[in-house]
Amino acid sequence: MGGMADLENCPDFDAVLHVWMPGQEAGHSVADVVSGKVNPSGRLPFTWARNYEDYPSAADFPLSGGSDREVAYTEDIFVGYRHFDRSGLRVRYPFGYGLSYTDFAYEDLKVARSGNVFNASLTVSNTGTCAGREVVQLYVSSPAYVADRPLKELKSFAVTPVLMPGESCRVTMRFDRDDLSVWENGRWAVKRGKYRVYAASSAEDIRSETVVSAGL
């Protein structure tokens, strides 16, 4: 999974199809998606950088500058989208990215707390012309004063049922108070303050946000 810098120099194409190694039914599934028989709703579980060197592990990986006997793990918790958020590097395809033949709108994001459980809900509407599913991702950022934390972290996600054009549904995602904890002085603790909650279609495509309070 390297970068895709070469695509910058190849303007004469409409699309790139990468199917990895999906097995013996690959031909049927790819044909269904390309022909429009099926509307895809899958999402990337990683970030696809523009250049291989943009990945934080690149400098230490064997044969790319690192030792051929060992790999130094230096990323700490800043891997994947967390690294790209912090570095500000542009990416080719962000974590959670996926194509669809239709469009979706996010509205009315609310977060309700019951004890140690937070329930985030919002309305997702199919605003396009084709039936499809949407994968809603829920990210949370720590209070600004909490040092050495990612800008945001994925805490939950949900997949809608198939929505017809013009149809809507209410989506609910749950996360626990302990999901907000950080390791500090030999124990886990939830820092007091305001946590920003984002509903997103990918790590870079934030559609709605709100704020909740948490703490000791």
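Summary table
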read-out: Single unsatisfied condition, Ser213 versus (1) under 15 Å from Val111 (Cβ atoms); (2) in contact (Cβ under 8 Å) with a residue 24 or more places away in the chain; (3) of a type in the set (Gly, Ala, Ser); value: (2)
read-out: Residue within segment 106-114 that is at pLDDT 95 or above, closer than 28 Å to Ala189 by Cα, surrounded by 15 or more Cβ atoms within 10 Å (Cβ to Cβ) and not charged (D, E, K, R) present; value: yes
read-out: Gly88 being among the small types (Gly, Ala, Ser) and touching a residue at least 24 places away in the same chain (Cβ under 8 Å); value: no
read-out: Candidates Pro161, Pro143, filtered to the one that is touching a Cys at 6+ places or on another chain (Cβ under 8 Å) and not β-branched (Val, Ile, Thr); value: Pro161
read-out: One residue from Arg187, Arg92 being surrounded by 15 or more Cβ atoms within 10 Å (Cβ to Cβ) and of a type in the set (Lys, Arg); value: Arg92
read-out: Condition broken by Ser35, with the remaining ones in (1) surrounded by 11 or more Cβ atoms within 10 Å (Cβ to Cβ); (2) at pLDDT 90 or above satisfied; value: (1)
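Table: residues versus (1) outside any loop (DSSP other than H, G, I, E, B); (2) under 22 Å from the mean Cα position of the chain (by Cα); (3) crowded, with 18+ Cβ neighbours inside 10 Å; (4) basic (Lys, Arg).
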residue	(1), (2), (3), (4)
Arg170	yes, yes, no, yes
Met173	yes, yes, yes, no
Asp178	yes, yes, no, no
Trp183	yes, no, no, no
Lys191	no, no, no, yes
Tyr195	yes, yes, yes, no
Ala199	yes, yes, yes, no
Glu209	yes, yes, no, no
Ser213	yes, no, no, no
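For (1) assigned by TED's automatic domain parsing to the domain that holds Ser208; (2) at pLDDT 95 or above, each residue gets a yes or a no:
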residue: Glu70; (1), (2): no, no
residue: Glu75; (1), (2): no, no
residue: Arg82; (1), (2): no, yes
residue: Asn116; (1), (2): yes, no
residue: Pro143; (1), (2): yes, no
residue: Val159; (1), (2): yes, yes
residue: Glu167; (1), (2): yes, yes
residue: Arg170; (1), (2): yes, yes
residue: Met173; (1), (2): yes, yes
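The values are calculated or read from the model by the stated rules, or taken from the named source; none is laboratory data. On a predicted model such as this, the values are computed, not experimentally measured, just so you know. All Cβ positions, glycine included, derive from the backbone under ideal geometry; neighbour counts span all protein chains shown.
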